[in-house]
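Before I ask anything, here is the structure I am working with.
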Amino acid sequence: MFALFVGAGRKPQTPGPKPTYLEFKIPAGWPKPPTDIFARNRLSEEGFQLGKKLFYDGRLSKDGNFPCAGCHQQFGAFATYDHDFSHGYNNTFTTRNAPGLFNLAWMPKFHWDGGVNHIEVQPLSPITAPNEMAENLDSVLRKLKKDTAYPRLFRAAFGSSEINSQRMLKALAQFTGSIISANSKYDKVQRGEASFTPGEQNGYNFFKANCAACHKEPLFTDHSFRNNGLSVSPYLNDFGRMRITGKKADSLKFKVPSLRNVMLTFPYMHDGRFFSLGAVIDHYRNGILTTQPTLDSLLVKRIAISNKEKNELIYFLNTLTDTTMTRDPRFSEKVKYFSH
């Protein structure tokens, strides 16, 4: 009976127009994503545009200074450019390096330790983390409801102007899940549209023989969690996936990152300790701590890499830069980044 009275007091709302549904296109030759992230969140132009506005909106953070785009900058392949850690609320810093955001539809687990298993709930972590956006969902929703543009955008995307956390997260997933990196020089070579230089080809040959087991083509990751022999930072004491599983066997294991756009996503590793690809390669040829019990079996003898091979490998990795994605105006929005 109470529900009837409540319903009777509401003003009927005319359903919004039908969204313009979009097809999620898988690049030729690529595998199908392990799950369809849009199966229960049908991709539409209106949902994408709402997600884009939210992605660049600082009001998702407590003081308005830290939009998602603050740590995930398009010109840096949606990673934090040139920073080991990202700035957070009240002069704090994150404790892990922000990864690039692209090809997320193929990613079964998120974060360096795989602690999030679905793209729609991933934003909850940075939004609520005290050293990142430091906000709560109720406060975010109140701020969105005060903006006269948002009810219209939610109605266009979801049929009514109701603003709730589920719809907000679905819209963010439509935007971030649509960011595809598949048009680098490497991709053009695979499609027969370009050719490697001799140095790049030598680097590619070395890569396939020594790196591709973990950085599997065409995504350049196998999405596994591995210990690559880094020392433990006494400041961070970050033991990676063991935080999530509680298993000693997962100690010091972190997600294998994609190498696509690797020239733009420095510094490298989960804590951003290496600021150049040369330093990363030096780690694999003479820096791996081989006494760690959980060290990946592929690395127990380190990787023999000559200086010539090191240079050629870098030449090849440079071909993975996809400026079509990093300059695509469809993913762009003017945003004021944190200044210091």
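The values are calculated or read from the model by the stated rules, or taken from the named source; none is laboratory data. None of these values were measured; they are calculated from a predicted model. Positions of Cβ are generated from backbone atoms using ideal geometry, with glycine treated the same way; all protein chains shown enter the neighbour counts. Areas reflect the complete protein model, heavy atoms only, side chains present, ligands, DNA and RNA absent. Shrake-Rupley method; radii C 1.70, N 1.55, O 1.52, S 1.80 Å.
Name the residues in the range 57-76 that are open to solvent by less than 20 Å² (accessible area, probe 1.4 Å), closer than 14 Å to L144 by Cα and either in a helix (DSSP H, G or I) or β-branched (V, I, T) (or both), would you?
Those that are open to solvent by less than 20 Å² (accessible area, probe 1.4 Å), closer than 14 Å to L144 by Cα and either in a helix (DSSP H, G or I) or β-branched (V, I, T) (or both): G58, L60.
Which one is least open to solvent (accessible area, probe 1.4 Å), of the residues in the range 26-56 that are over 15 Å from E120 (Cβ atoms) and without any contact (Cβ under 8 Å) to a residue 24 or more places away in the chain?
I26
Now for a separate question. Just a yes or no: is a residue in the range 89-102 more than 18 Å from T265 (Cβ to Cβ), open to solvent by less than 30 Å² (accessible area, probe 1.4 Å) and in contact (Cβ under 8 Å) with a residue 60 or more places away in the chain?
no
Shifting gears a bit: Among the residues that make up the range 210-223, is at least one of them open to solvent by 20 Å² or more (accessible area, probe 1.4 Å), closer than 27 Å to H87 by Cα and touching a residue at least 24 places away in the same chain (Cβ under 8 Å)?
Yes, because at least one residue in the range 210-223 is open to solvent by 20 Å² or more (accessible area, probe 1.4 Å), closer than 27 Å to H87 by Cα and touching a residue at least 24 places away in the same chain (Cβ under 8 Å).
For the range 112-224, which helices (runs of 4 or more DSSP H) that fit wholly inside it have 2 or more residues that are farther than 30 Å from E333 by Cβ? It would help to see each step written out before you state the result.
Details: elements: 124-128, 137-146, 149-158, 165-176, 185-190, 198-210.
The qualifying helices (runs of 4 or more DSSP H) are 185-190, 198-210.
A quick yes/no check of all residues on (1) out of contact with any Ser or Thr (no Cβ under 9 Å at 6 or more places or on another chain); (2) surrounded by fewer than 20 Cβ atoms within 10 Å (Cβ to Cβ); (3) closer than 29 Å to T35 by Cβ; (4) not charged (D, E, K, R):
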site	(1), (2), (3), (4)
H87	no, no, no, yes
G115	no, yes, yes, yes
I127	no, no, yes, yes
M133	no, no, yes, yes
L141	no, yes, yes, yes
R152	no, yes, no, no
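Within the range 186-204, can one find any residue that is of a type in the set (D, E, K, R), closer than 22 Å to N286 by Cβ and within 25 Å of the chain's Cα centre (by Cα)?
No, every residue in the range 186-204 fails to be of a type in the set (D, E, K, R), closer than 22 Å to N286 by Cβ and within 25 Å of the chain's Cα centre (by Cα).
Which one of T326, T321, T290, T265 is at pLDDT 95 or above and touching a helix residue (DSSP H, G or I) at 6+ places or on another chain (Cβ under 6 Å)? Write out each step before concluding.
Working: T321 fails: touching a helix residue (DSSP H, G or I) at 6+ places or on another chain (Cβ under 6 Å); T290 fails: touching a helix residue (DSSP H, G or I) at 6+ places or on another chain (Cβ under 6 Å); T265 fails: touching a helix residue (DSSP H, G or I) at 6+ places or on another chain (Cβ under 6 Å).
Of the residues listed, the single one that is at pLDDT 95 or above and touching a helix residue (DSSP H, G or I) at 6+ places or on another chain (Cβ under 6 Å) is T326.
Can you find a residue in the range 26-48 that is over 19 Å from the mean Cα position of the chain (by Cα), on the phi > 0 side of the Ramachandran plot and either of a type in the set (S, T, N, Q) or assigned to a loop (DSSP other than H, G, I, E, B) (or both)?
yes
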